[in-house]
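Structure first, commentary second.
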Amino acid sequence: MELYSTNNTASRVSFKDAVFNSMPQDKGLYMPVTIPRLDDKFINHLDEYTLPEIAFHVAQNLLGDSIPADDLKAIIYDAINFYAPIVPLEKDVYVLELFHGPSLAFKDFGARFMSRVMSYFLEEGEKQLDVLVATSGDTGGAVALGFLGVPNTRVTILYPKGKVSDIQELQLTTNGQNIRALEINGTFDDCQALVKQAFTDKELNEKFRLTSANSINIARLIPQTFYYFNAYAQLLRQGKNKVVFSVPSGNFGNIGAGLFAWKMGLPIEQFIAATNANDTVPAFLKSGVYQPKPSVATLSNAMDVGNPSNWVRIADMFKDDMNKLKGMITGFSYDDTETLAAIKEVDKDYNYVVCPHTAIAWQALKDWKKLHPDSEASGVFLATAHPCKFPDVFPDNIAEKINVPQQVKSLEKKDKQSVILSKEFEEFKDYLLKNG
């Protein structure tokens, strides 16, 4: 597998280089030179394969000879060891539950795969790998658990102070070992800017071997394609072969992975980009003007992103063909009042509890279906996190229905360990240099 930078399409790096140097020095993002199309026989018979089998086939076609087949299979069967079922709510409406991994969020797919790939590529005696990750909520917890105890790696998680849920914060700050957490007095966008600036800082790069665990790292996106193929496999088992995906969208890595799957031949009819009040992309799809703006805090905090990093990858996939892009992606955005109303409606109509991000995806699917009453496609909306991670969001009558997993209960007995920093880069840089 060869990759280029979105800012220099003539450049070429290996998969290993892209994993360890997650962001090119020209500040673009890495993209595969070739996105292979899977053969129709495999696509049409997806229902005959398990999730790990699908994941291996997809990864092998994408990565080529970057990792030998037996080693890749071992990585995938170790990383993707939980299920991702589609659950019917009504006729042709399904929820894809992506919260059955160890951190109870969809990001377990990317973080577990990436940590094992990095561990595989790390050779004995090499310089310690320093993984920097900005989180608006769920990424940090998934990365922490994915890398916890991995030899010769250290993870530094940056999160916006006071803007993640209590359980998310515990997942970030109670690990110890090779995981450390920084509370940044700012927004997620500030955290992300600090990480990006670190990757282009000469002094830091001379002292440390830096890489990212955010979705700017291509190793995060590849495994997220797996669950789109697997959802379609489950639909095929029910005799359905047309699908629309509604995706809760913040940094746009999740929907970017879905578009990778579409490019690889998965017959997806439409993507719905469902955002909260941070509506940079839905506004762009309506106006044609891409105007990033400061993020605002919402109930769906993992989507509080005003300048989505992965949008450059999506634009690159469409080569600036706006008509084709708008034909494939529809955007909807909702404020907190609408989000809470959706949570209540899903509970009332289906006796099913959704997290605020998932509620937005459900509402967007519902609104899209109203605009397309003749569509025969099954609608699948992505449940990106377990509702127990957002206890303060729900009214008491809904909160009491949430089954809190044992790993969350045990977190509450642990002590928080974090360092508070401002959003100024020099302070962050100084911390890294003094704590190297």
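The values are calculated or read from the model by the stated rules, or taken from the named source; none is laboratory data. All values derive from a computational prediction rather than experimental measurement. So basically every Cβ, Gly included, is an ideal-geometry build from the backbone, and we count neighbours across all protein chains shown. The accessibility values were calculated without ligands, DNA or RNA, using every heavy atom of the protein model including side chains. Shrake-Rupley method; radii C 1.70, N 1.55, O 1.52, S 1.80 Å.
Below is a table of values for the structure above.
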item	result
Gained length - LYS286 relative to GLU90, 0.36 nm times residue gap less alpha-carbon distance	67.6 nm
Calculated FRET value between GLN407 and ASN323, using beta carbons and R₀ = 56 Å, to 0.05	0.75
Added length on full extension, which subtracts the Cα-Cα distance from 0.36 nm per residue, ASP374 to VAL296	24.5 nm
Whole-Hz ³J(HN,Hα) from phi, Karplus 6.51 cos²θ - 1.76 cosθ + 1.60, for the range 152-161, glycine and proline x	6, 10, 9, 10, 10, 9, 9, 9, x, 4
Under 5 Å, built H, 5+ apart or other chain: amide partners of VAL93	GLY379
Area of ASP396 that stays accessible when all protein chains are in place (1.4 Å probe, Å², to 10)	130 Å²
Length added when fully stretched, ASP415-ASP166, from 0.36 nm per residue minus Cα-Cα	88.4 nm
Amide hydrogen neighbours beyond the local backbone of SER422, cut-off 5 Å, H modeled	ASN185
Solvent-accessible heavy-atom area per residue, rounded to whole Å², over the range 369-415 at 1.4 Å	58 Å²
Which listed pairs, of LYS16/LYS242; LYS163/LYS293; LYS202/LYS414, have C-alpha distances above 27 Å, in listed order	LYS16/LYS242; LYS202/LYS414
Mean Cβ neighbour count within 10 Å, used as a protection proxy, ranking 246-258, 150-162 highest first	246-258, 150-162
Table column - 3J(HN,Hα) (Hz), the range 213-223, Karplus curve with 6.51, -1.76, 1.60, x for Gly and Pro	10, 6, 6, 5, 7, 4, 5, 7, 6, 4, x
The range 381-436: equivalent-ellipsoid semi-axes (sqrt of 5 x gyration tensor eigenvalues, Cα, Å)	35, 15, 11
Shape call, the chain: gyration tensor on alpha carbons, a/c limit 1.5	rounded
FRET efficiency estimate (nearest 0.05) - Cβ-Cβ, ARG12 to LYS344, R0 60 angstrom	0.70
Inter-site label distance for LYS263 and GLN128 at 7 Å from Cα along Cβ, in nm	3.6 nm
³J(HN,Hα), Karplus 6.51/-1.76/1.60, whole Hz, each residue of the range 197-205, x for Gly, Pro	5, 4, 5, 10, 8, 4, 5, 5, 6
Value of relative contact order over the range 254-384, rounded to a whole percent, pairs C-alpha under 8 Å and six or more apart	27 percent
Amide H contacts under 5 Å for TYR334, placed H, 5+ residues apart	THR275, ASN276, ALA277
Stokes-Einstein diffusion coefficient of the range 1-129, Kirkwood radius over Cα pairs, 10 °C, 1.306 mPa s, in µm²/s	95 µm²/s
Residues of the range 159-267: accessible area per residue with a 1.4 Å probe, Å²	26 Å²
Of the GluC sites (Glu not before Pro) in the range 334-386, those whose Cβ has at most 10 other Cβ within 10 Å and which sit in DSSP loop	GLU376
Accessible surface of the range 246-300, 1.4 Å probe, proportion on carbon and sulfur as whole %	59 percent
Percent accessible area from carbon and sulfur atoms, the range 157-236, protein chains only, probe 1.4 Å	45 percent
Cross-link partners of LYS161 among aspartates and glutamates (Cα-Cα below 13 Å; sequence separation of 8 or more within a chain)	GLU169, GLU183, ASP189, ASP190
Among 355-362, 32-39, 230-237, the order from most to least packed when residues are scored by Cβ within 10 Å on average	355-362, 230-237, 32-39
The chain, helix-only ellipticity at 222 nm - DSSP H runs n ≥ 4, -39,500 (n - 2.57), divided by all residues, nearest 500	-12500 deg cm²/dmol
The range 102-143, accessible surface, carbon-and-sulfur percent (1.4 angstrom probe)	43 percent
Candidates per GluC sites (Glu not before Pro) in the range 77-138, loop by DSSP, up to 10 other Cβ within 10 Å	GLU123, GLU124
